[in-house]
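One structure is given here, and the rest of the page talks about it.
The values are calculated or read from the model by the stated rules, or taken from the named source; none is laboratory data. Note that this is a predicted model, so its numbers are computed, not measured. Here Cβ is always computed from backbone atoms with ideal geometry, including for glycine, and neighbour counts include all displayed protein chains.
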Amino acid sequence: MAVVTLFSASGSPGVTVSALGMALAWQRHVMLVDADPTGSSAVLAGYLQGQTVHDRGLLDLAVANRVGNLGAAIATVSMTLPGSNVEFVPGIRSHQQAASMTNLWEPLSGVLRGMEQRGVDVVVDAGRLGLEHSPMPLVRGSDLSLLVLHSDLPAVSGARGWARALREQLAGMGAAHQLGVLLVGPGRPYSAREIRAVLGLPVVAEIPWDPESAEVYHSGQRPKKGFASGPLNRALRATVSSSQGLIANNRQRLGTQRVQEAGQA
């Protein structure tokens, strides 16, 4: 079981589409958390086409955290996405509520990691970093944090500073292995190898450039024939598999390392 957080450094590379698509492709019980501080409510307004009332979410968790009831409250603010086993926690309603989240991110990170004990994985949409009240504790505290990135020069240029800063932060925590790239539209024009060389981060998975299929997740468009087995969803399933495999390998490696350190003590 795991916590995977997706985020961007610049532009709009498809963090929400990727996070939602991964959650829907997840084979185990999974919770999707909208932690975007802009308050865009992208899943409610887009994928669900505004047909679901925004009557619960992160703001309720912030209130629960103030009274020491965060762990119990998270189950009461989620809703099941139609036709899936995805439990969705809506985000804030507007950017004006973002300040209320500042003291929530750290304890929420701990609660989300604890969902493993309930047999629940977690996918977090952290939006774009650098915004006021961004959920950095969720990025740092995840089993895997994925920088969602287009393969063009503006995207790579905008990501270099963040990649370096996050690499250094996580290395200082002994967690550099938890950071990677989810590349959207490889070969437009740069390859995964070129991206890795510039950013110093592994490309964990690649998502094809398929704006027509992405509209299903972005704005709730009716899927066309072959959508479920098409390139986008095949890539999303592969991304889930790669992410789970990397997390399992990291945990095994860390477990072996700790055993060795204990033997040397």
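Among the residues of segment 218-244, write down those that are more than 15 Å from the chain's Cα centre (by Cα) and farther than 19 Å from Pro186 by Cβ.
His218, Ser219, Gly220, Gln221, Arg222, Pro223, Lys224, Lys225, Gly226, Phe227, Ala228, Ser229
Taking segment 1-44 on its own, how many of its residues are at pLDDT 95 or above and not in a loop (DSSP other than H, G, I, E, B)?
24
Using beta carbons and a limit of 7 Å, which pairs, at least six apart or on different chains, have the first residue in segment 98-126 and buried (at least 22 other Cβ atoms within 10 Å of the Cβ) and the second one part of a helix (DSSP H, G or I) and β-branched (Val, Ile, Thr)?
Listed pairs, sorted by first residue: Asp125/Val15; Asp125/Thr16; Ala126/Val139.
Suppose we filter Arg188, Arg164, Arg258 for residues that are at pLDDT 95 or above, over 22 Å from the mean Cα position of the chain (by Cα) and over 30 Å from Gly50 (Cβ atoms); which single one remains?
Arg188
Take segment 210-250 and flag every residue that is touching a residue at least 24 places away in the same chain (Cβ under 8 Å), of a type outside the set (A, V, I, L, M, F, W, C) and assigned to a helix (DSSP H, G or I).
Tyr217, His218, Ser219, Asn233, Arg237, Thr239, Ser242, Ser243, Gln244, Asn250
Condition check: farther than 16 Å from Ser8 by Cβ, assigned to a helix (DSSP H, G or I) and within 18 Å of the chain's Cα centre (by Cα). Does Leu170 satisfy that? Please lay out each step first, then the result.
Values: farther than 16 Å from Ser8 by Cβ: yes; assigned to a helix (DSSP H, G or I): yes; within 18 Å of the chain's Cα centre (by Cα): yes.
Yes: the conditions hold for Leu170.
Using the structure shown, decide if Ser94 is at pLDDT 95 or above and of a type in the set (S, T, N, Q).
no
I'd like to check something: does segment 83-95 contain any residue that is in contact with a helix residue (DSSP H, G or I) (Cβ under 9 Å, 6 or more places away or on another chain), assigned to a loop (DSSP other than H, G, I, E, B) and aromatic (Phe, Trp, Tyr)?
Among the residues of segment 83-95, not one is in contact with a helix residue (DSSP H, G or I) (Cβ under 9 Å, 6 or more places away or on another chain), assigned to a loop (DSSP other than H, G, I, E, B) and aromatic (Phe, Trp, Tyr), which makes the answer no.
For Ala176, are the conditions met, namely being under 19 Å from the mean Cα position of the chain (by Cα) and of a type in the set (Gly, Ala, Ser)?
Judged against the criteria, Ala176 is a match.
Residues of segment 24-65 being crowded, with 21+ Cβ neighbours inside 10 Å, of a type in the set (D, E, K, R) and under 10 Å from Val89 (Cα atoms), which ones?
Asp34 - this is the single residue of segment 24-65 that is crowded, with 21+ Cβ neighbours inside 10 Å, of a type in the set (D, E, K, R) and under 10 Å from Val89 (Cα atoms).
Among the candidates Ala155, Ala126, Ala159, Ala98, single out the residue that is in a helix (DSSP H, G or I), within 22 Å of His177 (Cβ to Cβ) and among the aliphatic types (A, V, I, L, M).
So the residue among Ala155, Ala126, Ala159, Ala98 that is in a helix (DSSP H, G or I), within 22 Å of His177 (Cβ to Cβ) and among the aliphatic types (A, V, I, L, M) is Ala159.
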